[in-house]
1. Do any of Lys18/Lys150; Lys46/Lys135; Lys122/Lys154; Lys128/Lys159; Lys46/Lys85 go past 27 Å between their Cα atoms, and which?
2. Excluding same-chain residues fewer than 8 positions from Lys14, which aspartates and glutamates have a Cα within less than 20 Å of its Cα?
3. For Arg49, list long-range residues whose amide hydrogen, built 1.01 Å from N in the peptide plane, is under 5 Å from its own amide hydrogen.
4. Can you run phi through the Karplus equation (6.51, -1.76, 1.60; θ = phi - 60°) for the stretch 100-110 and list ³J(HN,Hα) in whole Hz, with x for Gly and Pro?
5. If you stretched the chain out fully between Ser34 and Ala147, how much longer would it get, using 0.36 nm times the residue separation minus the C-alpha to C-alpha distance?
6. Obtain the nm distance between the two label points defined at Thr67 and Val92 by a simple spin-label model: each point lies 7 Å from its Cα along the Cα-to-C-beta direction.
7. Please report, largest first and rounded to whole Å, the three semi-axes of the ellipsoid equivalent to the stretch 83-165, where each semi-axis is the square root of five times an eigenvalue of the C-alpha gyration tensor.
8. Among (1) 1.39; (2) 1.20; (3) 1.46, only one was calculated for this model; which label is it, if the read-out is Cα Rg over 2.2 N^0.38 Å?
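Please treat every number below as a calculation from the coordinates, not as lab data. Owing to the predicted nature of the structure, the values given are computational and were not obtained by experimental measurement. Ideal geometry is used to build each Cβ from the backbone, glycine not excepted, and the neighbour counts take in all protein chains shown.
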Amino acid sequence: MSRIGKMPVTLPEKVKAKVDGRNVLVEGPLGKLSFALPDGINAEVKDARINISIAQGAADKAALFGTSRARINNMVSGVTKEFEKVLEISGVGFKGAVEGNRVSMQLGFSHPVLIDIPAGIKMSFDPKQVVLTIKGIDREAVGNLAAQIKRIKKPEPYKGTGIKYQGEHIIRKAGKTAAGAGAGAGGAAKK
């Protein structure tokens with residue numbers, strides 16, 4: 001049984017929650033979110049807290065117990081403060097811009113990469129057009145969109161160009177010339 005699942009989710013002041021059948025609905029200053037509970041997991045709102053429990057005879061569903069509690073806790077956090085992911089684009093000529101409800105990025109391909117901005121998500125670039133900030137109240141949606149954008153041009157290990165999370169360390173490899181320079185480069189010596 002999950003220790004995290006046993007802890008109740010405390011509701012801050014301006015947040016309201018209710019359980020409607022198998023759905024948990026959370027409403028706060030930034031918006032509304034809902035989560036469908038898996039079979040065998042129950043939720044109850046009582047005294048500004050949401051308690052999660054496993055239904056009688058559903059011990060095989062215990063694996064979803066902690067996950068359900070974490071998802072509900074993320075919903076409560078999201079409607080009070082937005083989640084944020086920051087991506088850095090590095091490479092010569094690599095840049096991006098927000099154009100209406102789309103993001104256009106130049107990533108070294110023969111064409112610009114266009115991505116539609118989903119509902120409930122805000123995206124913006126810094127003035128240098130190399131740092132992309134993704135914000136939203138749904139943690140899963142923000143994280144999935146950031147991962148999807150990162151997959152377009154993964155950071156490569158030789159020059160470090162591509163898209164990475166801010167603060168992410170990319171392990172760099174030595175190139176051909178650097179690797180061969182130290183160990184008797186080039187074969188037999190000429191006389």
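1. Going by Cα-Cα distance, Lys18/Lys150; Lys46/Lys135; Lys46/Lys85 fall outside the 27 Å limit.
2. In chain and number order, the partners are Glu27, Glu44, Asp47, Glu82, Asp138.
3. Those qualifying (amide H under 5 Å, at least 5 residues apart or on another chain) are Leu11.
4. x, 9, 9, 10, 10, 10, 9, 10, x, 8, 6
5. 38.4 nm
6. According to this spin-label approximation, the distance is 4.6 nm.
7. Gyration-tensor ellipsoid for the stretch 83-165: 20, 14, 11 Å.
8. (3)
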